[in-house]
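Below is one structure, written out as structure tokens; comments come after it.
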Amino acid sequence: MNTKYIFITGGVASSLGKGIIASSLAKLLQARGLRVTIQKFDPYINIDPGTLNPYEHGECYVTEDGAETDLDLGHYERFLGVYTSKANNVTTGKIYHTVITKEREGAYLGKTVQIVPHITDEIKRRILLLGRTGEYDVILTEIGGTIGDMESQPFVEAVRQLQWELPEEDCMSVHLTLIPYLSAAKELKTKPTQHSVQALQQGGVTPDVIVCRTEHPLSQELRRKIALFCNVRPGHVIQSIDAWSIYQVPLNMHEEHLDELAVRKLQIDNFATPDLGRWKTFLERIKNPAHEVQVVLVGKYVELQDAYKSIQEAFVHAGAANDCRVNVRTVQSENVTAENVGELLEGADGILVAPGFGERGLEGKVFAIRHAREKDIPFLGICLGMQMCVVEFARDVLGWKDAASTELDPQTPHPVICMMEEQKKTNIKGGTMRLGAYACTLEKGSLAASLYGGTDISERHRHRYEFNSEYLSEFEKNGLKATGRNPQTGLVEVVELPSHPFFIGVQFHPEYKSTPERPHPLFVGLVKAALAFRRGKK
Ligand code: GLN
């Protein structure tokens, strides 16, 4: 069987959840036994989202091979349980960079370099790249942005050309739109969808299926009307009604026959029903858990729901593993002071101090960590959260009031967290951090080793600063232990307080690897400890 390509575009409005629809369809095809991956094409000019503020674009997701990518790749990995890579996220910036570099090298000598064919050729090359590995039966390509945007036009043109070049049964186009409900008229309106599909068709792409986001069920009559005016087959207009959990969406899409429409269009000789047993068990667990805990997430981007997406999802997975609802309450680290910390963290059964960059809110993180340490509240610090727990311990236990990370205070006499040597050699900001998967060896008998159930692990990184090992013996003598080290460089990756019921800081990002079917041990451990803490309070 040839590799099959499914293109997913979106219209009418942004934030309709194209990533979730793509992930859901991919999940259903995977559950039918097909080898599936998803890639995202983003129409902005940044080479990657690594240099974007989370307020602009939500969380930056990091892959095993160290690509800084769109947060939708997190959904892809969580739904499919399959790693993505650099090749799974392409931006307009990357496309132009490749074409312009080739132009300077003389690859187009004598020719005028143009959007069509040079940019569109490069887009097509990248779309087909994962297919050429032979590792996948189906590749879903999500085109970021909204149809009609100037930025996405070259991508739509590339899809048009591919649909024309590849055998008809190897391509499928899915368009996601919004059907707004006008409460004054008590009516669902289809006109914006008609316009969106017209715009797509003007670009030469006809959708095979229209998926309609809606708050109310679509009647058969309305579906027929959309099909007629948008020139798609009756039965190929399906609804995606607001779901109680994103993890419910694959089941909803299956009920709407989206996967069946796909295997028919792509002539995939596979009419087996998807096997979603484990997925359903997970859903049952998150629907009616027996217990409940409150975890406080302290961070500086808490106003934006998507800024800590993977952490939020990791708590859903870890909750399911503990038969427990995890209510994640966020606290803006900038607001935390020595005086109000008790009040702001009132009711916390567990505390997570988030990753981050720059000075803003750092002191607040230190106070939150002190509170967790002194009150025996289960604590997990991730990346910057781990670095700040080292700073807190240095200041309060070792008595070095001026201890800091050099990110916060470059002149500190006690640089307990400092910049890595290789980082000092570069001033370039994009893609120059310590990125991607690195091995880590855990100390036998440590909390980390017992949670992971072993001592050899690998986790993903995204940082410039690190624990300054010159101070290690001072820390260890006084009770903060380094229980995880990089086996090659000796860099400290995990710190723990054995005197505390659950206090652990990790330089890496465990949240990126948590999935419903493989919840992350550190999150599972934190939720379990939070449950025990809550029981102890009663
Ligand atoms: N700003 C810190 C560093 O660069 C931590 C980064 C993070 O939390 N991802 O090391």
Test for Phe315: is it touching a residue at least 60 places away in the same chain (Cβ under 8 Å), buried (at least 21 other Cβ atoms within 10 Å of the Cβ) and away from the ligand (no atom under 16 Å from the Cβ):
yes
Select the helices (runs of 4 or more DSSP H) contained entirely in the range 67-153, then report the ones holding at least 3 residues which are buried (at least 21 other Cβ atoms within 10 Å of the Cβ).
72-80, 120-132
Filter the range 314-360 for residues that are among the charged types (D, E, K, R) and touching a Gly at 6+ places or on another chain (Cβ under 7 Å); which is farthest from His461 (Cα to Cα)?
Arg325
Of the residues Lys27, Lys40, which single one is in contact (Cβ under 8 Å) with a residue 24 or more places away in the chain and either farther than 27 Å from Pro180 by Cβ or in a helix (DSSP H, G or I) (or both)?
Lys27
With (1) under 27 Å from the mean Cα position of the chain (by Cα); (2) surrounded by fewer than 16 Cβ atoms within 10 Å (Cβ to Cβ); (3) away from the ligand (no atom under 11 Å from the Cβ) as the list, and Met420 as the residue in question, which single condition is left unmet?
(3)
Of the candidates Asp323, Asp376, Asp306, the one satisfying the condition of being surrounded by fewer than 21 Cβ atoms within 10 Å (Cβ to Cβ), among the charged types (D, E, K, R) and within 21 Å of the chain's Cα centre (by Cα) is Asp306
Give the range 441-489 a look and list any residue that's of a type outside the set (Gly, Ala, Ser) and within 16 Å of the ligand (Cβ to nearest atom), or say none.
Glu459, Arg460, His461, Arg462, His463, Arg464, Tyr465, Glu466, Phe467, Asn468, Asn486, Thr489
In the range 1-25, what count of residues is obtained for those that are of a type in the set (Ser, Thr, Tyr), within 21 Å of Pro192 (Cβ to Cβ) and under 18 Å from the mean Cα position of the chain (by Cα)?
2
Taking the stated definitions as given, is Ala262 among the small types (Gly, Ala, Ser) and assigned to a helix (DSSP H, G or I)?
yes
List every residue pair whose Cβ atoms lie under 8 Å apart, where the two residues are 6 or more positions apart in sequence or sit on different chains, the first residue falls within the range 471-482 and is at positive phi, and the second residue, located anywhere, is in a loop (DSSP other than H, G, I, E, B).
Gly479/Val397; Gly479/Leu497; Gly479/Pro498; Gly479/Ser499
Assuming Glu511 fulfils every condition listed in (1) touching a residue at least 40 places away in the same chain (Cβ under 8 Å); (2) touching a Cys at 6+ places or on another chain (Cβ under 9 Å) apart from one, which condition is it?
(2)
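All of the numbers you see were taken from the coordinates with simple rules; none came from a lab. Values in this document were obtained by computation on a predicted structure and should not be read as measured data. Quick reminder, even Gly has a Cβ in these numbers, built from the backbone with ideal geometry, and neighbours come from all protein chains shown.
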